[in-house]
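What follows draws every value from the coordinates through simple rules; no lab data is involved. Quantities reported herein were computed from a predicted structural model and do not represent experimental measurements. Ideal geometry is used to build each Cβ from the backbone, glycine not excepted, and the neighbour counts take in all protein chains shown.
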Amino acid sequence: MRNFEYAQPATASEASRLLADSDDTLALSGGTAAVVLLHLGLLRPSLVVDLGGATEMQGIERPNGGMRVGALTTIRTLETSAAVAVAYPILAEAASQVGSVRVRNAATVGGAVAYGEPQTDVPAALIALGAEVEAQHGDSRRSLPLADFFHGPYETDLAHGEIVSAVSLPAPQARTGGCHAKFTIGSMEHKPVANASAVVTLDADGACLAARVVVGAVGPTPLVAERAASALLGAPIGEANAREAARVAAEDAEPIDDLRGSAWYKRRIVRVLVERAVRRAAERAAA
Amino acid sequence: MRVVGSSPPTLEAEDKVAGRTRYLPDEVVPGMAHAKVLRSPYAHARLVFIDASPARALPGVVCVLTRDEVLADPRVGNLYGYVFRDAPLVAIDRVRYQGDIVAVVVAEDVHTAEEALELIDVEYEELPRLLDAEEAMSPGAPLIHDRMYPIASELHPIEGTNVCHRSTLETGDVERGFAEADAVFEDVYEAPPVQHCALELHAVIADVRDDAMTVRTNCQAPFPLKAELERIFKRPARVIVSYVGGGFGSKSRDRIEAVVAAASNLAKRPVRLVLTQEETFLAGYIRPAFKCWIKTGVTRDGIITARSYRFITDAGAYAITGARSANNTVKVAAGPYRIPNAFVECFAVYTNKPPSAPYRGLPTTQHTMAYETQMDRIADELGIDRVEIRKRNLLKDGDIHITGDLIRSSHVAECLDGAVAALSGPAPAGDEQTLRGRGFGCTIKYTLTPPQPSVESEAAVELGADGRFEVRAATVNIGQGSDTTMAQIAAEALGVGLEQMRVVHSDTALVPPDSSTTASRSTYHMGNAVLDAATRLRAEVLEVASGLLEEEPDALRLDGDGVRLASAPERRVALDELVAANGAPLLQYGQCEVGGEYVDEQGKRYPVASTFWTFAAAGAEVEVSRETGQITLSRVSCAVNVGRAVNPVSVHKQIEGGLGMELGPTLFERLVWDGDGQLLTSSLLDYPLPTMSTMPRYETALVEPGFPGGPYGAKGMGEVGSVVLPAAVLNAVYDATGVRFHSVPLHPEAVLRALEEAGEAANG
């Protein structure tokens, strides 16, 4: 790790300005990724801006029946919050599968989103829930769908000096269920071979009214599996259409060969995870 | 017995739990500077040019050690190694693996040192690289070393090749044995390299002065290191080892102590180096790649008539210890069986990979994987029960091992029964998603044994002015609880309680010599030395008390904090008074001599290839996912003949620790290099380790017949817990799936592919 200047501004707008003012900066949130990258020498900023002092980015609010999660909210808070558990259980489920408790105590929602890593669990679940991301540049803010936010591995829509200040979720729908499933080799804490998030809404007769399926770690960004979702619409979710959704999700995935497995194997895992996530989501929606 | 056989908490447990124990990376020495190592980016290259002057000019840099400084100092030798002297302190003319040491920067702080590394101007000329041992053995392969540098007499390099060691062991007539067999089985097994990943990183603080040197390190062999430093630096050395957070062989013979000492010698002040986890992957000592060919002849009844066994280990770029580790396991490579005709051939081969180190019994684990999974195949194909076929062949007391040793106190069948019984209950049934099965295996493990009689461990026990006893033993307290074990043995011999004891460990200025904390040797060797010293001290204490109480020593009893007259306990002298009356503390030394021959009651002589053999068996119950190929260990059993457990809880936990560690290389750990010799698994981000989420339920059992010659019947067991696990798991996976695997790790993808191929074959 190289020496660097360190600042901990008290507001998001000041943090954004500090980041905008020089070229060679790093925004630090929970540090679970940033500190590793600094340590490995992969990042060598001259200035590290610690967002932790901007307390306005903490906390969970419930505007209009939805939820606004401040960027500094820890993954552990998502996992353990009663409000999250009631309104968006899939988010708590995805949060509970991130790293270890020590990692979840430090890592933040804003960091997980802004880092743009295609393997992480929480962004996949957030996209499945239809989340919007709120980005702040100086004093101005904008919102965009999280599904459009990721451009590639570790590449996002954030402009120079812009930070993620919050993530917002639409109000939960009736007869809706979700499931996040993940597969790792070795310990649970290791990077996944693949993950899958599914959120489905059923009509009064039990037919699938709406579905969103997202797969992670098998493409440059978390991928919205649109054909998989379409395969579920208009009928009750059972073995046949869940399998078909899993099959097309695996076909549409864009995995690469790496240490965690070949592209062939990752597609197999996507099939297993999507089928499992979709069926469990449907069971939960019906319950 | 009062103290031996009980399980008091380890002496340092409270301090460790409270975070008070100081490990070497916590230590600060006045005036200390910080080192960083420049490592080779290439697997094999000529070092054409090196200029460190831009780095030296960076403010905060104290000095830079390159080949020029090493070669210029007549008081510093430039080659390191105990059994093979082939590792330069820094690269002289060549680098031989990615991560090889090119230069060392010393600076006022770590960050400056790191920055200076990039200012060193180096020109390399790449050379052909050899990443595979078999390829490196092939005729015409480029040579990684121009000549061979063996030190230990048991090592036999083949000059003009990359084979740094070849040895054989032969008994009977193998060809005749195969001719007598009703069936012959041949298999090939492989295992990739893995890293030990000790929790505490390797660290050194060296302070080299003109007339003496002090090196603080977390190594496993302080006295051999002292001798090696004195040879290289031609001045007296003191080596201090505090508590160590695990080594498993990776800290047994590393060269970084000598490298940091050379940096301190140049800087003329204390220098500290702490390796990062990434450096440990890149350059740390590793369990080497392994491959073996096993051929076994058996009768229709499953009796082994002959076995030939050939294995190759990848010694890496420097054979500092790897060649000897491989050679040592020749003695156990054919297994814990009566084999009338055996031929074992061992190769250790230089490659452009990191130097290899022992790894918790290396490579006994891989030998066991080979002979025990083949044993199941033999049993199945002959239609004999898998446990029964082993019992027909297992070594019994009075048998002669392939080394010529007389087998004594083996009880390996009891171990096997114990491992099987621990997993009793109805055989686990599979279902639509999950296949289930059980497997077992046995093993035999050696300990480091000199060819000629020699004193390998010494200890001292002193009764001090405060009336307490101090045990001085060089055994490194590496997490195994050795201080407590030694204190228990001394307390038992003295007849006092554990609260009367304190232990000083592994500072070469304060304790008598010992060869190393490796090879499961401490409880036996150091335990015997402590027992000897404590027995002598007890006699001396009674002798002094005899003068004070005016009674015969035989009539006296040492217990608690004083010496009493056995017939009239009110007549006593307190221990502190006894020391005061004596005018000085009472100090006695003890030792453990091993090696040479064993002579039985009839006067018959046998060689001693291993001072003791440790026998063990393990079992595994697995679940295999049909969907993903993922293997989960639900239960693991292990039964070990430990002779006698000095501290049973410590022994059980050490067996569990070994099983938990070996679970990684069995199921998912492996180091991977690309074709250019660049390490891909270069950090914990890409190298999964077992955690609590992967742990099975453990059922461990101890077999305690008492081992003649061991302290209170104890013998070593530190490594054997892990040794059988891969064999047991491979056998369990076959039991579950009907697919025989011949390598580890059982990566889920490989398992899934094999299951599908087997399914297609069955349907096709």
Exposure proxy ranking, count of Cβ atoms within 10 Å, fewest first, for B:211, B:376
B:211, B:376
Taking the convex hull of the alpha-carbon atoms of the protein assembly as shown and averaging its shadow over every direction gives an area in square nanometres of 48.1
What is the distance in Å between the Cα centroid of segment B:702-764 and that of segment A:83-107?
36
Filtered hits (lysines, Cα-Cα < 16 Å from residue A:191, offset >= 8 within chain) -> A:182, A:266
Measuring from its Cα centre, segment B:250-338 shows a charge dipole (+1 at each Lys and Arg Cβ, -1 at each Asp and Glu Cβ) which, in debye to the nearest 20, is 320
I need to check one value: relative contact order of segment B:31-178, counting alpha carbon pairs closer than 8 Å and at least 6 residues apart, in percent.
31
With a cap of 14 neighbouring Cβ atoms within 10 Å, and only residues DSSP puts in a loop, list the trypsin sites (Lys or Arg not before Pro) found in segment B:288-317.
B:300
What is the distance in Å between the Cα centroid of segment B:461-483 and that of segment B:264-303?
31
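Out of all DSSP beta bridges in the protein assembly as shown, what portion is antiparallel? Express it as a percent rounded to 5. Display every interim value, and only then the final one.
Working: 149 of 186 bridges.
For the protein assembly as shown, the DSSP antiparallel bridge percentage is about 80.
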Treating only the Cβ of Lys, Arg, Asp and Glu as charged (+1, +1, -1, -1), what charge dipole size does segment B:450-594 show about its Cα centre? Round to the nearest 20 debye.
260
Going by how many other beta carbons lie within 10 Å of each one, how would you line up A:151, A:190, fewest first?
A:151, A:190
In whole angstrom, the spacing between the Cα centers of segment B:670-686 and segment A:1-27 equals 34
Evaluate the relative contact order of chain B (contact order divided by residue number), counting alpha-carbon pairs under 8 angstrom at least 6 apart; express in whole percent.
15
Taking the Cα centre of segment A:100-143 as the origin, how large is its charge dipole in debye, to the nearest 20, when only Lys and Arg (+1) and Asp and Glu (-1) carry charge on their Cβ atoms?
140
From the cross-link list B:226/B:715; B:36/B:226; B:36/B:234; B:16/B:251; B:291/B:604, the entries with a Cα-Cα span beyond 32 Å are B:291/B:604
What order do you get for B:717, B:526 when you list them from fewest to most C-beta neighbours inside 10 Å?
B:717, B:526
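Does segment A:5-46 classify as rounded, prolate or oblate by the C-alpha gyration tensor (a ≥ b ≥ c root eigenvalues; a/c under 1.5 gives rounded; else a/b over b/c gives prolate, otherwise oblate)? It would help to have the intermediate numbers written out before the result.
Working: a/c = 2.78, a/b = 1.58, b/c = 1.76.
Because a/c hits 1.5 or more and a/b fails to exceed b/c, segment A:5-46 counts as oblate.
Using Cα pairs under 8 angstrom and six or more residues apart, how large is the relative contact order of segment A:177-286, in percent?
The value is 33 percent.
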